[in-house]
1. Could you please report the charge total around Arg26, scoring K, R as +1 and D, E as -1 over all other residues with beta-carbon less than 14 angstrom from its beta-carbon?
2. Exposed loop sites here are GluC sites (Glu not before Pro) in DSSP loop states with at most 13 other C-beta atoms within 10 Å. What is the longest stretch of the chain lacking them?
3. Accessible area per residue for the chain in Å², computed with a 1.4 Å probe and the full protein assembly in place, what is it?
4. More than 35 angstrom separation, counting every C-alpha pair in the chain; what % is that?
5. Short version: ³J(HN,Hα) in whole Hz for each residue of the range 235-241, in order, from phi by Karplus 6.51 cos²θ - 1.76 cosθ + 1.60 (θ = phi - 60°), x for Gly and Pro, what are they?
6. Quick query: amide H of Ala281 versus all other amide H atoms, modeled in the peptide plane; which residues come in under 5 Å with a sequence gap of 5 or more or a different chain?
7. Place the peptides 8-21, 216-229 in order of packing, highest mean first, counting for every residue the other Cβ atoms within 10 Å and averaging per peptide.
8. May I ask you to evaluate 6.51 cos²θ - 1.76 cosθ + 1.60, the Karplus curve with θ = phi - 60°, for each residue of the range 105-120 and list the ³J(HN,Hα) values in order in whole Hz, giving x for glycine and proline?
Amino acid sequence: MSHLLAGVVGSAVGDALGVPYDGRKRDTFVCEEMVPLEKRTLPIGFWSDDTSMMLAELDSLGEMGKFDPDDVMSRFAQWIYEGRYTPLGTAYGVGRTTSMAVSRYRSGTPADLCGGRDILDNGSGALMRILPYALLKDPNRHNIIDEAGSLTHAHQISRQVCRIYSYFVDELLKGLSPKEALEQVLMHDTYDVPEYYMQRFQTLPHMARVSVPNSGFAPDLLQGAIWSLIHSDNYADAVLTAVNLGGDTDTLGSVTGGLAGIIYGVGGATGVPTAWSHALARFEYIVNLCEENDALMR
């Protein structure tokens, strides 16, 4: 099975596991299984903006054969305003910074100038969808990640967190454990991120659960995901650990799930449980999009 398929399915499952608990405080709930959204008529396997944006990017890659900023932004607009790339035909969970960036594009702003550049524009809307670009064969993929993330989130912190994520994927593909991969990533000395955040990455392996961040702020989100991977040894435990941190649970589940899918695959004793993957809304569509793009991936 390809890393892309395992990563995207893993990400979508993590999204679906986490979305019913989004915004809830840590230890006010226990996620053990995939459940419907509370107080809604939405089914088990329903996923949110995390997965929708990733599918839009995959569709663009498959059609264009490369990263095309205008095509990606056009598809993001189709997602928000036409319900394309959604489970049931209506966009769900659109973030403020993403919405504003797409609105700028529709108003005529060039794609590379649409992303938010304010300190408050450092949510996880770029990080949560960056997995396909991190898996590209293209030797220029790290620059592509900078450009792709900046379509919606152009502040330096978000850009650098996406770069850290991409280096982390590089190390996982070499067969390193999450803890070993993090150690290698931290050896890079080119990050332009406040030292406070780098110190938190350095202490992640030893961080107590009570101290693990769970907000939608990009550095917090990636730290929560990596912590969950370090403190688990299979896909299910990784995503359940992440979702049960509370807070931005759908994106914590999605980012952790994508990385865990790369590590453990789909099915088998440690991979994405078949009952979860096959419960996903539009599962066959997700599989087909991944297969169409597999030749572009490592």
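1. With Lys, Arg at +1 and Asp, Glu at -1, the net is -1.
2. Excluding the exposed sites themselves, the longest stretch runs over 39-298.
3. Values: 11610 Å² over 298 residues.
Averaged over the residues of the chain, the accessible area is 39 Å².
4. 8
5. With the stated coefficients, the range 235-241 comes to 4, 4, 5, 5, 6, 5, 4 Hz.
6. Residues meeting the amide H criterion: Phe46, Trp47.
7. Highest mean packing first, the order is 8-21, 216-229.
8. So the Karplus estimates, Gly and Pro as x, are 4, 5, 8, x, 5, x, 3, 6, 10, 7, x, x, 10, 7, 4, 7 Hz.
The values are calculated or read from the model by the stated rules, or taken from the named source; none is laboratory data. Values in this document were obtained by computation on a predicted structure and should not be read as measured data. Heads up, the Cβs are rebuilt from the backbone with ideal geometry, glycines too, and the neighbour counts pull from every protein chain shown. Ligands, DNA and RNA are excluded from the accessible area calculation, which covers all protein heavy atoms including side chains. Shrake-Rupley method; radii C 1.70, N 1.55, O 1.52, S 1.80 Å.
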